[in-house]
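Down below is the structure, laid out as structure tokens.
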Amino acid sequence: MLVIRGKRIFFHQIVLTILLFLIGLTMLTPLVWMISTSFKAENDVFEFPIRWIPKNSVGFANYLEVWGSRYNFGMYYWNSIKITVISTVFQILISAFAAYGFTKIKWKYRDKLFLVYLASMMIPPQVMIVSRFVIMQKLGLYNTHLGIILMTMVSTYGLFLLRQAMLGIPDSLCESAKIDGAGHLRIFFQLMLPLIVPSIATLAVLKFVWTWNDYQTALIFLSKRTLFTIQLGMKLFASESGNIYSLMMAAAVSSTLPLILVFLLGQRYIIDGIASGAVKG
């Protein structure tokens with residue numbers, strides 16, 4: 001047992017910390033190799049033992065080629081950003097409004113309807129692909145970004161997460177606001193939303209990652225190359241560039257960078273948001 005600044009630290013805690021650190025390091029190894037390979041010449045990609053810092057680095061030449069006019073990587077990037085950001089914003093708003101209605105407004109069969117809505121989480125998304133395809137085609141939304149946004153801006157999990165967070169807010173706060181003359185919209189925007197910021201940030205990060213990485217929806221509902229998202233663009237890029245792994249890794253790093261940035265910006269809210277959403281049942 002060690003004593004550091006008045007705190008007792010046992011030997012098994014030190015061993016467990018070192019073990020978890022080594023496991024985390026192995027998880028980062030593929031990412032580090034991907035970044036390292038993106039700066040290598042093609043002949044040095046499979047050099048063994050692995051040279052983590054390229055000896056003959058080509059600099060940003062691989063990135064310049066990927067982002068050049070030949071592969072239209074910027075277009076795929078913009079398509080993904082547009083779909084992901086709009087879908088995330090609307091899902092947060094819709095989930096927050098619905099959560100407020102299921103927690104702070106009393107109406108008949110409210111809790112029963114929520115259970116029915118929650119039960120829809122047990123239905124695999126793959127089961128609804130055919131029906132969604134037919135609906136989008138009938139509405140003229142097939143092969144459009146609007147169709148994908150409409151399909152992805154509603155989430156049962158988002159409603160559940162924000163509802164659980166709002167359950168932790170005393171009803172007396174809303175009652176006090178009503179006595180002062182505040183309506184539902186004012187209570188929602190000025191009282192409820194500021195109090196569930198960690199849960200909103202958690203939903204935003206998770207939704208951004210899910211939508212950005214969504215390959216299946218884009219594959220089924222988009223056929224025009226100019227509408228492709230980054231995931232379809234990566235698949236097309238891999239088929240066009242062949243087995244040029246240095247270019248593929250440069251493209252992979254470019255597609256992963258937004259996810260890393262979003263996670264770094266919102267990771268401090270994730271644990272608090274999930275924990276606060278799990279307090280009430």
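Surface exposure of the stretch 196-275, expressed per residue as accessible area with a 1.4 Å probe, stands at 46 Å². Taken along the Cα-to-beta-carbon direction at a fixed 7 Å, the label points for ALA61 and LYS224 span 3.7 nm.
A 1.4 Å probe over all protein chains sorts LEU206, LEU265 by accessible area into LEU265, LEU206, starting with the largest. In terms of accessible area, using a 1.4 Å probe and ignoring ligands and nucleic acids, GLU42, GLU175 rank largest first as GLU175, GLU42.
Mean separation of Cα pairs under 8 Å and 6 or more residues apart, divided by the residue count, gives the chain a relative contact order of 30 percent. Given a 1.4 Å probe and the protein chains as shown, LYS178 ends up with an accessible area of around 80 Å². Computed with a 1.4 Å probe over protein heavy atoms only, the accessible area of MET234 comes to about 40 Å². The Rg/Rh ratio of the stretch 1-138, with Rg taken over Cα atoms and Rh as the Kirkwood radius over Cα pairs, comes to 1.17.
Estimated at 0.36 nm per residue, the fully extended path between PHE11 and ASN143 surpasses their Cα-Cα distance by 41.6 nm. Our summary gives the stretch 19-177 a relative contact order of 26 percent, counting only alpha carbon pairs under 8 angstrom and 6 or more residues apart. Put a plus charge on the Cβ of each Lys and Arg, a minus charge on the Cβ of each Asp and Glu, and nothing anywhere else: the dipole of the stretch 38-171 about its Cα centre is then about 600 debye. Ordered by 1.4 Å accessible area with all protein chains kept, ARG163, ARG268 run largest first as ARG268, ARG163. For a modelled paramagnetic label at ILE23, 7 Å from Cα along Cα-to-Cβ, no residue of the stretch 249-269 is in reach, as no backbone nitrogen comes under 18 Å.
Among the protein heavy atoms, those of ASP111 account for about 80 Å² of accessible surface (1.4 Å probe, every chain in place).
By the combined test of axial Cα extent (at least 30 Å) and Kyte-Doolittle hydropathy (mean at least -1.0), the qualifying DSSP H helices of the chain come to 11-37, 73-103, 245-277. In percent, rounded to a whole number, the relative contact order of the stretch 196-266 is 37, using alpha-carbon pairs under 8 Å and six or more apart. In the list [x] 217; [y] 144; [z] 123, the label attached to volume of the Cα convex hull per residue in Å³ as derived from the coordinates here is [x].
The values are calculated or read from the model by the stated rules, or taken from the named source; none is laboratory data. Bear in mind the structure is a predicted one, so any value in this text is a computation, not a measurement. Glycine also receives a Cβ, built like all others from the backbone with ideal geometry; neighbour counts cover every protein chain displayed. These accessible areas exclude ligands, DNA and RNA; they are computed on the full protein's heavy atoms, side chains included. Shrake-Rupley method; radii C 1.70, N 1.55, O 1.52, S 1.80 Å.
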